[in-house]
Structure formats: C-alpha cells, structure tokens
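What follows is one structure encoded as structure tokens, with my remarks underneath.
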Amino acid sequence: MSGRGKARAGAGSARAERAPARRRDRRIGKAAVPYLLGLPSWVYLLLFFLVPLASMLALSAAVGDPIVGYSYGGHFAEFLDAIGQYHRQLLRSFYYGALATLVTLAIAYPAAYWIAFHGGRHKSTYLFLIMLPFFVSFVIRTVAWQFILADQGFLFGQLKSWGLISDRFYILSTQWAVIGGLVYNGLAYYVLPLYVAIEKIDRRVVRAAGDLYADPASTFLRVILPLSAPGVFAGFLLVFVTDVGDFVNAQILGGPGTYMVGNVIQDSFFVNQDYPMAAALSSILMFLLMVAIFLYARAFGRERIQEYAA
Amino acid sequence: MAAQLDMPPDMPPAADPMARGARPDRAGSREHLDVRLDGVTKAYGHLVAVDDISLTIERGEFFSLLGPSGCGKSTTLSMIGGFAEPTYGAIYLNGVDVSRQPPYRRDVNTVFQSYALFPHLDVYENVAFGLKRKHVDRKAIERRVRDMLALVDLTGFHDRRPAQLSGGQQQRVALARALVNRPKLLLLDEPLGALDLKLRKQMQLELKRIQSEVGITFLYVTHDQEEAMVMSDRLAVMAGGRIEQVGPPDVVYDSPATEFVAGFLGASNLMAGEVVERGGALARVRLDDGLVVQVARGRLGDRGPRVKVGVRPEKIQVLPAGQPVPEGRNSLEAVVAMTAYIGVSHQYTMEGPDGRSFSAYAQNLGTGPHPARGDRVRLCWHPEHTFVVEPSAPRAAEESSA
Ligand SMILES: Nc1ncnc2c1ncn2[C@@H]1O[C@H](COP(=O)(O)OP(=O)(O)O)[C@@H](O)[C@H]1O
Ligand SMILES: [Mg+2]
C-alpha cells in the first residue's frame, strides 16, 4: 500500500517537471505532492485506526454474544452499565496514572537534566543504560519486580529475618506496588523526550540568565524549565496515556483491590467474553483520555508548545 | 561622542607614547577606577588562552579589545563577566576583587555575539529579566524597560518574540536587556559580527551614541580594526593571548609598538635595518639594502640596534622621478607595479630597490596625470612619519600570518 502511494507521489512530481508549458497542470501537480506523500500514512490510519475504532464503537452499542451473534443498534445501555459497574476502576486508573506519571516525571527530570548538562562525552552511554532494562520484555521485567517485592522474597525475606521490618510488612498487591511498577515501566519513555528537550536548550541562553542576575535556582525556574516544557508535555502525554490504560502492572504486582480499567476490559474480552461491555469500557476510557488531554493542552498552552518545537 | 568630553579618555604618558603595554597608573584615584586586570592568565590544559594580561579601564570609557580570531579576547571577556575563572591573577571591579564571584553577583552585563535572547519570552520580558531578578519594584521595572526600549528604538515591539525580529532588532534587544540594569560595566563580544556591513556601520554609530547617553563603561571585543578605531576611546591590540599595545586609536595607529600591531592595525611598509646614529633630533637607520632613513629621535626610544622602520601608505608622497625632493624627507626610487583607483584615492603598489614592495595611497587632489604602471617615481615621506618597532618575536609573526 505504502509502495503504491510513494510511486504515485513520484509520478506526480515527475509530470510536474516534464511539462513546463502546462503551467496550470504543473501547479496542481505541485500542490498535490505533499498529499500524495502523506498517502501511506492516511491509508495506515484508516486501516489500523479508524476501521477498528468504528467497529469498536459499533460493538459497544450492540447486544448479543459470540455464539448467537450480534445485533447492532442503539443499545447505549451498555455504557450506563459499564459506568455503573466499573466507575471505581475507571477512577482508579486515572488516579494511578496521574500519580505514577508525576512520580515518573520527578525521577526522569533530574536524570535527563543531569545527562544533558553533565553527561559530557558519555551522554549516549547513560541514555543506553536507562534504556537497557527495556530490551527485556515488559512482562518479564514486571515479573522480576514481583520476585523482588515478594513478601518472603530475597529482599523483604532477608530484611524480615534480620528483624529490620515487621513480619507483617508487605507491598505486593497494594497500590504502591502497582504505582511503583507503572513508574518503573514508564521511566525511559519520560527520560527520552525530556533529554531531547533539555539537550536542545542553548547553553548561551543559560549563560545569559546568569549574566542577568539569575542565581542557579531562578535560572532553572525561569529559563531551563520553561524551555524544556515541550519535553515535559510530550513525556507526560506518552506516559500518562499508557499508564491509565495499563493492566499488566495491576495484574502482576497488584491484587483485586488495585484493579484498573485495563484489567476489567481484559477480563471482559478474554474471561467473560462480554465484547460489548469491553468495547463500551474502551470507548469510555478513550473518551475520558481525550477530554483529559484536551484540558491538559488547554491548561499548558498548545501555542507555546508548538512554538518551541519549531 | 560629545558627551565624552567631560571624561577625557586617558592618554598614555606623553614621554613615550609607544611604550609596549603602556597603561596609566591611577591606583591612587579609586574614584575613576572601574576595571582592573592584574596579571590575568587563563590556561586550558597546555593551551594558554590568555597570558598575563594587566589592564586598567576607566569609568565611562569605550574600550576595545582588538585582535585576530583565537587571540583570547572572548576568554578575557568571560573572565570579567564571571563565566570563567582566571588560572592566575585577579580582576577588580571598582577596586573589589571579583575573580571568584559567580556572574549573577557581578555588576556586569554582557551582550553576547549570538545575542542569546530568551526564546520563550517576549521583548519586554527579555529586557525586564535582569531587573526582576534584582527585585526592583514593578513600577520602576515598567518605566525603565519602556525607556530603554525607546532608547534602542524598539517602542512598539514589546510583545514580539525574538524569533519574530530581524538580526538588527535582536541585537538591540540584547543591548537593551543588558543596559537596562545600569551595570557598572557592559561587555560586548563582537556584538555586530552577525550583521551585514551597512547595518553594522549604522549600529556602530548607534552604539557610540547610546554609550555616551548612558555613560556606562563599555568593554568591546572585535577583530575588525576599523570598528575598533571608529568607536573606541582607547583600545588594546591582542595577539596570542597577550596585549601588544594599549592606547587611543590615533596613537596606536601612528605609533605602533610592535611589528604585529603595525601589520594588524592598518597597512604599513616595514623595512629592516640597523640604527647607525642616535644623537641629535634625528636618528639614522641603515636599511639592509644600504639606504639610510631618518627617524625622529623620540620615536626610536631605546630600541635597537636591530629595528624595523615603518611608514603608513598614506604618509608617502609619490613624485615623478625627476622632481626635486623637499628638504629633509626620506626618499627612495621605485617603479609603479600596480595602480588601483578607488574613488577617493589611488592605491599604488611599487617595487623599490631590492625588489621590495611598497604601497602608497594618494588622495586625488591634483589635476595632472597620475603615475601609471611602469613609471619611475620617487617616494618620499617625513621623518616624523617614520615609526620604529622591534623586529617581531616569532610568536607574533605566526599570529599575523594566521
Ligand atoms: N573552553 C575552552 N576550552 C579549551 N580551549 C579554549 C576554550 N575556550 C577558548 N579556548 C581556546 O583559547 C583560545 C582563545 O579563544 P578565544 O578567547 O575564544 O579567542 P577570540 O575570542 O579572541 O577569538 C583559542 O585558541 C581557543 O581555542
Ligand atoms: Mg571570540
């Protein structure tokens, strides 16, 4: 598909060069080039985003089951059901997601800052070290944490045998384990955009702040932080959206009391095979995320974001 | 410029205007002392970027550091601004040793070559930045920023972001942003380097006007000798991390202290020779090709016996070969090798005895024909216009050829 798109784009520009006399035609050809070049992405979006999205939305308003079949129609009761039954998990997802993203930011920013400003010649080594755990499968990594955090595992087991912590102490299946897992798994996705944004800051501008009586603290607050805002913004979106929809951390590190909406959706699909319910929950999640992102972009100024990015 | 008259630029001691590194000793009058560098050295590993510089700059002075690229001008400026610490030596501002003070504690502001404006702030906020950090009260900030933007002719641009300004406008924002803090000293590192020639000439005059209006000491770095001459009350010529000469532009131009200065600041004809007679009002130097040149005794100083004598091209009179030479002039025969007409003057390149090349500029005053290529001519110049320098150490020679 994408091959054909490119070929057509090429043909468009070749024709434009061949016929200088047909001015008008040429202009149209030229104007079309960007769209033709964009064709593969449009096709991709249509095929892998819009079609599944539409089928999900249709499914969420359907009744039936996989054996009997579905009748599609305005069965919006599924949405009310979904909210009625699972609003706690929905809220929890946003709460965990927001908290985990903020903690990730708090850890990722100093790391990215340090690498960008003080990494010297070894910047790429440090970035590689941050990326290193991510070459291992997501699930394996999380299971490793399950081992580490196990109530009688080598960490807490040892501490308990030394009497350093109470025998009843545990962390697995609490919200802290889930949030911790989310933070851990999201870290690299926050460090990278932050690093890119901070690295891009002109050191001469930082120097100018010092020249203009800004001590290190206000240099950071007035210059470095605002100039790294695109990274903070981009990373927040990336990490927050994945965290809110996550189900692996809650499943492996959490317990029934820490179920997130992702777990409910997964159960609806694979355990209960209640596809309309799963689809309705997914639609609600998507809608809420879009509202959240919209409000977030409004609050933090899209216009500024675009400006720096340029 | 006129306002500068009440602050006379400080002249080197009259007795020996050519003294290398001549600098006034005003240690007694703290009042006038603004910036003092005392044996300042900066080494980066084995590379000595700035080598034992001592310098005093008076309050209200427009002072330039002039030198070829890589001679240590920016490094000197960064040390005064507080961005680099001297390896040896000390920097005094108003008599206080600030060598180890961070930049934000120094009463010094900088106009960076790249301008380094804050891209996320508009013009107003850029200019207000320093005042806000100093917690000046709001009303005063507003008034001072508005006045400063008016001074640099940017009223009406308050809301623009740096990216929406032309190079010249950005330059003026950078200037306003620094000046609005009323620093004791303003450092300017090739601030006009990024502008085109016409705008640069215009900004030179503008800077000079603003400086005399605000009365702040300007320390200006440039590699453009004309720029330094046009703007400065005094200048220091640097080469290889050292100061070659300090003085007002006309003194440095007319009496270069070293071969390097003679070559870097304007063009000059230099001839190697040996001092053969020192007595009397005129000393005599025998050039290597046998010709004897007279030099005003005061200009020889205690140099010698090996020296180089020099004369600026515009000080040379070009006469037709047969014509009698005015009394008491130095003169030699030459053949015109090349002429160039540049409107206000003719520039001649001539071949003297020994195949040595000479250049001379003549204003187009006369009505007769000008010497043409191949003509035999007689060159003459006044002994007072003859300067003497020590033959350059190899280091300076390297610098000038670089
Ligand atoms: N941070 C630095 N590290 C190493 N060498 C430097 C550094 N800054 C400047 N230099 C060297 O010091 C010398 C003087 O540089 P600089 O002061 O920038 O010269 P200028 O401004 O006169 O062109 C140059 O040879 C330059 O390469
Ligand atoms: Mg420089």
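The values are calculated or read from the model by the stated rules, or taken from the named source; none is laboratory data. Because the structure is a prediction, the values reported are computed rather than measured. In this analysis, Cβ positions are derived from the backbone assuming ideal geometry, glycine residues included, and neighbour counts consider all displayed protein chains. Please note that ligands, DNA and RNA were not included when accessible areas were found on the heavy atoms of the full protein model with its side chains. Shrake-Rupley method; radii C 1.70, N 1.55, O 1.52, S 1.80 Å.
Has region B:271-282 got at least one residue that is under 30 Å from B:F62 (Cβ atoms) and touching a strand residue (DSSP E or B) at 6+ places or on another chain (Cβ under 8 Å)? First the steps, then the outcome.
Kept after step one, since they are under 30 Å from B:F62 (Cβ atoms), are these residues of region B:271-282: none.
No: zero hits.
Restricting attention to region A:181-234, the residues that are within 24 Å of the chain's Cα centre (by Cα) and of a type in the set (D, E, K, R) total 2.
The residues of region B:76-92 that are buried (at least 20 other Cβ atoms within 10 Å of the Cβ) and either near ligand 1 (Cβ under 10 Å from one of its atoms) or not small (G, A, S) (or both), listed by number, are B:T76, B:L77, B:S78, B:M79, B:I80, B:P86, B:I91. For region B:179-195, name all the residues that are away from every other protein chain (no Cβ under 12 Å), within 16 Å of ligand 1 (Cβ to nearest atom), on the phi < 0 side of the Ramachandran plot and of a type outside the set (A, V, I, L, M). Within region B:179-195, B:P191, B:G193 meet the criteria.
The residue pairs whose first member lies in region B:362-376 and is of a type in the set (D, E), whose second member is assigned to a loop (DSSP other than H, G, I, E, B), and whose beta carbons are closer than 8 Å, counting only pairs six or more residues apart or on different chains, are B:D375/B:A321. For region B:62-82, check the following and say yes or no: at least one residue is at the interface with another protein chain (Cβ under 9 Å from one of its Cβ atoms), away from ligand 2 (no atom under 16 Å from the Cβ) and outside any strand (DSSP E or B). Yes: one or more hits. The set of residues from region A:49-78 being farther than 15 Å from A:M286 by Cα and surrounded by 11 or more Cβ atoms within 10 Å (Cβ to Cβ) comprises A:V51, A:A61, A:A62, A:V63, A:G64, A:D65, A:Y70, A:Y72, A:H75, A:F76, A:A77, A:E78. Of all residues in region A:118-146, those satisfying the criterion of being in contact with a helix residue (DSSP H, G or I) (Cβ under 7 Å, 6 or more places away or on another chain) and farther than 26 Å from A:D246 by Cβ are A:G119, A:K123, A:Y126. Checked against the criteria, B:E125 counts as more than 7 Å from chain A (Cβ to nearest Cβ), open to solvent by 30 Å² or more (accessible area, probe 1.4 Å) and in a helix (DSSP H, G or I). Determine whether A:I67 is of a type in the set (V, I, T) and not in a helix (DSSP H, G or I). So A:I67 passes the test.
B:V50 fulfils the conditions (1) within 13 Å of chain A (Cβ to nearest Cβ); (2) crowded, with 23+ Cβ neighbours inside 10 Å; (3) within 16 Å of ligand 2 (Cβ to nearest atom) except for a single criterion, (1).
Of everything in region A:115-133, what is over 30 Å from A:V206 (Cβ atoms) and among the aromatic types (F, W, Y)? Give them in sequence order. Residues satisfying the conditions do not exist here. Considering region B:83-122, the residues that are more than 11 Å from chain A (Cβ to nearest Cβ) and β-branched (V, I, T) include one that is nearest to B:L37 (Cα to Cα), namely B:I91. If you go through region B:105-114 and pick out every residue that is closer than 12 Å to A:D211 by Cα and either within 16 Å of ligand 2 (Cβ to nearest atom) or outside any loop (DSSP other than H, G, I, E, B) (or both), you end up with 6.
For region A:155-187, the tally of residues that are of a type in the set (S, T, Y) and assigned to a loop (DSSP other than H, G, I, E, B) stands at 4.
Scan region B:183-224 for residues that are among the small types (G, A, S) and within 16 Å of ligand 2 (Cβ to nearest atom) and jot them down.
Residues satisfying the conditions are B:G193, B:A194.
Within region B:218-231, the presence of at least one residue that is within 16 Å of ligand 1 (Cβ to nearest atom) and open to solvent by 70 Å² or more (accessible area, probe 1.4 Å) is confirmed. Considering each of B:R160, B:R172, B:R144 in turn, give the residue that is without any contact (Cβ under 8 Å) to a residue 40 or more places away in the chain, surrounded by fewer than 18 Cβ atoms within 10 Å (Cβ to Cβ) and either away from ligand 2 (no atom under 16 Å from the Cβ) or in a helix (DSSP H, G or I) (or both). Every option except B:R160 fails the conditions. The residues of region B:63-75 that are touching a Ser or Thr at 6+ places or on another chain (Cβ under 7 Å) and either among the acidic types (D, E) or within 13 Å of ligand 1 (Cβ to nearest atom) (or both), listed by number, are B:S64, B:L65, B:L66.
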